[in-house]
Every structure is written in C-alpha cells, then in structure tokens.
Amino acid sequence: MPGAPSNIRFTGTYNAVNSSVWDISIIDTSYSGAALEMVLDRDGTAIEVSYNTTENELHNRIDTMNARMTIVNNSADIQSLFEDLIEAEENRFYIQIERDGSPYFIGKVIPDDMVLQDRLNPPLTINAIDGITDLKNIEYDAAYETKTIKDFIIYCLNKLGVSALYSGSEAILMTQTNLTPNIVMSYTNLFAIMQCNHYFYNTENEIKKPLSCYDVLNDPVRQAILQIIL
C-alpha cells in the first residue's frame, strides 16, 4: 500500500455486483494518524475508473486514467476532509485503489473538481487523475548515457513524485513479456536487458531543445524501441 500508514487518512471497501472487491484509500501527505473508515455511496457511483483514450487516439502508446469516487458525508471527519480538500494544493491528496488485492490505480486528487450536494448526509464526489499528462511540461534532462528501457520509464515516472508514496520494498513498475531472450542472464525481463544510447531533443533554428518526458515515452519516431511496451 503506497504511503506510510500514518498518511492514509481514510479507507473503505466496495463489493461490486460482479463479486470483485475494491479497496480504496485516501492518502493525505500532510496527515499523521490512524486511518479512518469511510462509507462509499452505493446509491450513486461509488467508484469508477476509466481510460481517456478516444477513437482518434487508438494508437497512442500512453493511456491516461481517471478515478471518481463518491462517499457519504456522515461524520465530522468527512466534513473536515471536504474542507481540507477545498483549501489543499495539488499533490497533497491521492486516491489509491486495489481490485481483488492487486494495485489498480493511484492518482492525485483534483481539489477544484468536487461535488457536494446540499442535503442530509450528502454524497461527496472526489475525482483523481494519474498525472501522466504532467510529463508534457517536464523536460527530459537525464545525462547522456546508456540506459535500459526500464530505466527510461522509471526516470520519467519519477518526475511525477509518485514513487515517494511507496516504500522501498514495493514494486512501482511491472512488466511482462512472452519472449525468451537468448542471453545468459540472471533474469529474463527483456525491458531490463535491452539498452540504447539516448539524447532526446528537437532542433529549432539550430538550437537543441530537450523533449518533454511525455514525448520521450510516446514519440513514435525517436522512440521506436519503446513501442514494444507502450
């Protein structure tokens, strides 16, 4: 579970009609204390996770995700959360979701995008995004050296700061391949074996401008080697 236990402010479980079990946590990086229980609103959209790919973007190598959850405002603790969300800066609150015990989503809460109805025990709707699009505004500034494909991805994702929510023993990147490399190695993860040199930039008026981390991961021409995993 991402974050120190004391950073998990609320937890809740939702049993879906298809028998899957969703465990949801609200991480507050400014919070220190025991996790409190929250009740998801079964009368509305308790939890929803969706991809943002459109019909015009079917061949994109990066799919971003959103999560929306609705909880019942039935206590002073939930009301206090709502008030903190209103005043919070971006990157303070995160939503962590596990499905049937496996990690499914982690994303930052968008404080300005909340809905609270005006009635008794009103449902509170909170939205979160995975933050991948933030990489469009972050330059790829790694030193020019040989890196594995795995290192390319981790370097870019670390720019989002999400890895700070995990302990050193947790996996923040998992890969899978059906290919078996004809290489004598202690492991057969191709993404950790394949390496390439890199220097990612655009040239404008004879001036080299670094690409964004998003373009490094997504660009089909410069990053043909990454197409196999994105």
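The values are calculated or read from the model by the stated rules, or taken from the named source; none is laboratory data. The shown structure was predicted, so the numbers you read here are calculated from the model rather than taken from an experiment. With ideal geometry, Cβ positions are generated from the backbone for all residues, glycine too; neighbour counts draw on all protein chains shown.
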* To do: Considering only the stretch 14-30, state which residues are surrounded by 13 or more Cβ atoms within 10 Å (Cβ to Cβ) and touching an Asp or Glu at 6+ places or on another chain (Cβ under 6 Å).
  => ASP23
* If you take the residues in the stretch 79-108 that are within 19 Å of ASN15 (Cα to Cα) and of a type in the set (Ser, Thr, Tyr), which one is surrounded by the most Cβ atoms within 10 Å (Cβ to Cβ)? -> TYR104
* To do: Would you mention how many residues in the stretch 191-230 are modelled with pLDDT of 65 or more and either among the small types (Gly, Ala, Ser) or assigned to a helix (DSSP H, G or I) (or both)?
  => 10
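Might you check whether a residue that is part of a loop (DSSP other than H, G, I, E, B) and either in the same structural domain as ILE24 (by TED's automatic domain parsing) or over 15 Å from the mean Cα position of the chain (by Cα) (or both) occurs anywhere in the stretch 105-115?
No: the stretch 105-115 contains no residue that is part of a loop (DSSP other than H, G, I, E, B) and either in the same structural domain as ILE24 (by TED's automatic domain parsing) or over 15 Å from the mean Cα position of the chain (by Cα) (or both).
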* Asked: Among the residues of the stretch 26-56, how many are at pLDDT 85 or above, of a type outside the set (Phe, Trp, Tyr), touching a strand residue (DSSP E or B) at 6+ places or on another chain (Cβ under 6 Å) and outside any strand (DSSP E or B)?
  -> 5
* **Residues within the stretch 124-165 that are β-branched (Val, Ile, Thr), more than 25 Å from SER25 (Cα to Cα) and not in a loop (DSSP other than H, G, I, E, B), tallied** => 3
* Taking the stretch 31-49 on its own, how many of its residues are in contact with a helix residue (DSSP H, G or I) (Cβ under 8 Å, 6 or more places away or on another chain), surrounded by 13 or more Cβ atoms within 10 Å (Cβ to Cβ) and not aromatic (Phe, Trp, Tyr)? -> 3
* Asked: So which residues in the stretch 110-147 are of a type in the set (Lys, Arg) and closer than 10 Å to CYS213 by Cα, if there are any at all?
  -> LYS136
* the stretch 57-78, subset modelled with pLDDT of 90 or more and assigned to a helix (DSSP H, G or I), residue surrounded by the most Cβ atoms within 10 Å (Cβ to Cβ) -> ILE78
